[in-house]
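The values are calculated or read from the model by the stated rules, or taken from the named source; none is laboratory data. Being a predicted model, the structure only gives us computed values, none of them experimental. Please note: Cβ atoms are built from the backbone with ideal geometry, for glycine as well, and neighbour counts cover all protein chains shown.
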Amino acid sequence: MLDGRSLVKRTAGLRLWLSAGWLTALVIGAVFAPWIAPQDPLMQDLFTSRLPPFWMDGAEPGYWLGTDSLGRDVLSRILYGGRVALIVALIAGTATALIGATLGLIAGYYRGWADMVISRLVDIWMAFPPVLFAILLIAVMGTGLTSVVVAIIVIDWTRFARVVRAEAMAQGAMDYVASAQIAGRGRMSTLLTEILPNVLSTITVLLTLEMGIAVIVEAILSFVNLSVSTDDPTWGGMIAEGRLSIHQAWWVLVFPLIALFLTVLSFSQLGEGLKDRFDPVLN
Amino acid sequence: MSFLKIRDLSVILRGTNHRLLRGVSLDVGATEVMGLVGESGAGKSMIGKAVLGILPRSARIVGGSIELDGVDLLTLPPRQRRHLIGQKAALIPQDPLTALNPARRIGPQISDRLVDILGWDKARARARAEEILHDVHIPQPDRVLRAYPHELSGGMRQRVLIASAFAAEPRLIVADEPTTALDVTVQKQILKLIFEMQARHGTALLFVTHDLGVVSKICQRLTVLYGGLVMEEAEVGAFFEAPRHAYSRALLAATPRHTDPTADLTPVPEAVIAEARRAVAEADQRWHA
């Protein structure tokens, strides 16, 4: 049977499971890093510097993905780096979604002066180059995990506000909203029971995308040394260090890059997969 | 004794002084079926929306009164107005596709309004929802209550909306071209159902349509609109025998007839339209003065 619906469902299932699988593995790896990691991620040992990954000549057992120029284990550092990436993704992503979606719903449904204020704010916000804005914010607030999270929220709420506003506006014009109002339902209650359920799938997709973006932003900031302290391993920091020794030890650069790439890809695919899965029309 | 009494209702396009309704007066008796006919843009739906308090943002009421069961809606504070409308009136909408929330099951969409309007508890509201679905001849109402709108056909959805409109026993129902979006084969059944329900519940019905054929069969009186102005208001029997107004006569002549499908249709003559326009312009002059 090859009807469109089952095809959509099958590919949706595959992308959902693959991306959820990678993210689950990452979460487990990050949470249980102290027990899983084969080495101490911070331990330097010049005798074991630039060891290649396990399948190459000269590899040492226990250093599966090789070591960097200071002799630190790449796999262990990726696992610990995943902690920072996931914390940022979760907290910054969720907070951004909550703030942006709330403002978008208010602007799109209530319209009027609230919409004027929020929309103009979005316009002004979007005129700032995001990465420079983040660096500026962190320069003011100082480095650290909190600053990174705050910077992401402050920069990216517009992404939600814009899209959710448009959706809420479209839904607000539907007859079922009018019907709810004839039945004496208040504005707020209409917003929550009639509009929100119809915007939820969009918010979910944006949320997972935002988590991916948060991971990238964190990597960028740690690449330029503006994220958590340099003692803690981060993917961006590893990429920055690996860049210096790319000709002698490519693995120091490539493995964190792959982890980053797969994570961001998984977040976006998870969103798409979830949307298809919970779309009442497709099911 | 009229249940709905509209006097001199004027609605403008917000931010302009262009009138969409030009001093409309209208009465609907307590168990009466009133047809509201006119061309597209004549303001038929606008009247229904004004009564139910769901005018689009772009429209604003600037004059007149709408009395529902003896209470002037336009002088009530918004919360009380919503409550009163919810208790006394309901809508059968034009498009069953957008009138049900796609993200929610049918059951709560019907029972929620019973909880809202009548203050019933959920179990009672749900039982009533099932009962009323049964009344509109929906087989297996318990299954439909659990379904999402997209699982139902267009005709089925319109049945659900009719059920939903009658569920709280309103005394006035506004049917806004309730069959326009449906298949021709389904239209007749839905019309029959609306009037069956209307007769059973003894509800007043404001039936917005551009189908004079339907009006002749089911309405007791009708109002003809042009450009937001009432052209003629008459008993249906008298109207179809001898419409008084030239515009009404022209409209009637432009209606296709089942009895003689080969007969040519007569477009509304230019002169008649010009006269109707003149009437509109005069009404505006009086209003602006």
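A few points about this structure:
- Subset tally (residues that are among the small types (Gly, Ala, Ser) and surrounded by 18 or more Cβ atoms within 10 Å (Cβ to Cβ)) for segment B:235-252: 2
- Selection from segment B:78-119 of residues that are free of Cβ contacts under 8 Å to residues at least 12 places away in the same chain, more than 21 Å from B:Met46 (Cα to Cα) and not aliphatic (A, V, I, L, M): B:Arg79, B:Gln80, B:Pro108, B:Gly119
- Residue count, segment B:113-160 (criterion: within 26 Å of B:Gln80 (Cβ to Cβ), of a type outside the set (D, E, K, R) and surrounded by 15 or more Cβ atoms within 10 Å (Cβ to Cβ)): 6
- Residue match in segment B:84-93 (condition: surrounded by fewer than 17 Cβ atoms within 10 Å (Cβ to Cβ) and closer than 29 Å to B:Ala276 by Cβ): no
- B:Glu196 vs. criteria surrounded by fewer than 20 Cβ atoms within 10 Å (Cβ to Cβ), assigned to a loop (DSSP other than H, G, I, E, B) and at pLDDT 90 or above: no
Condition check ((1) in a helix (DSSP H, G or I); (2) farther than 15 Å from A:Thr234 by Cβ; (3) touching a Gly at 6+ places or on another chain (Cβ under 7 Å)) across all residues:
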| residue | (1), (2), (3) |
| --- | --- |
| A:Leu51 | no, yes, yes |
| A:Met56 | no, yes, no |
| A:Leu70 | no, yes, no |
| A:Tyr80 | yes, no, no |
| A:Leu86 | yes, no, no |
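- Failed item in (1) touching a strand residue (DSSP E or B) at 6+ places or on another chain (Cβ under 9 Å); (2) closer than 17 Å to A:Gly271 by Cβ, with A:Trp22 passing the rest: (1)
- Tallying residues that are in contact (Cβ under 8 Å) with a residue 12 or more places away in the chain, among the small types (Gly, Ala, Ser) and within 29 Å of A:Met188 (Cβ to Cβ) within segment A:81-135 yields 10.
- Selection within segment A:156-197 - under 16 Å from B:Thr98 (Cβ atoms), under 27 Å from the mean Cα position of the chain (by Cα) and buried (at least 24 other Cβ atoms within 10 Å of the Cβ): A:Ala168, A:Ile195
- Some residue of segment A:27-37 being farther than 30 Å from B:Pro56 by Cβ and part of a loop (DSSP other than H, G, I, E, B): yes
- Selection within segment B:201-210: residues that are in contact (Cβ under 8 Å) with a residue 40 or more places away in the chain and not aromatic (Phe, Trp, Tyr). The member of this set that is surrounded by the most Cβ atoms within 10 Å (Cβ to Cβ) is B:Leu206.
- Hits in segment B:11-49 (condition: assigned to a strand (DSSP E or B), surrounded by 21 or more Cβ atoms within 10 Å (Cβ to Cβ) and among the β-branched types (Val, Ile, Thr)): B:Val11, B:Val24, B:Val28, B:Val33, B:Val37
- Taking the criterion of being exposed (fewer than 15 other Cβ atoms within 10 Å of the Cβ), assigned to a helix (DSSP H, G or I) and within 14 Å of chain B (Cβ to nearest Cβ), the only residue of segment A:233-283 that qualifies is A:Phe278.
- Residue within segment A:204-224 that is within 14 Å of chain B (Cβ to nearest Cβ), surrounded by fewer than 19 Cβ atoms within 10 Å (Cβ to Cβ) and at pLDDT below 95 present: yes
- Some residue of segment B:275-284 being in a loop (DSSP other than H, G, I, E, B), surrounded by 11 or more Cβ atoms within 10 Å (Cβ to Cβ) and out of contact with any helix residue (DSSP H, G or I) (no Cβ under 6 Å at 6 or more places or on another chain): no
- Within segment B:162-185, tally of residues that are of a type in the set (A, V, I, L, M), crowded, with 18+ Cβ neighbours inside 10 Å and in a helix (DSSP H, G or I): 4
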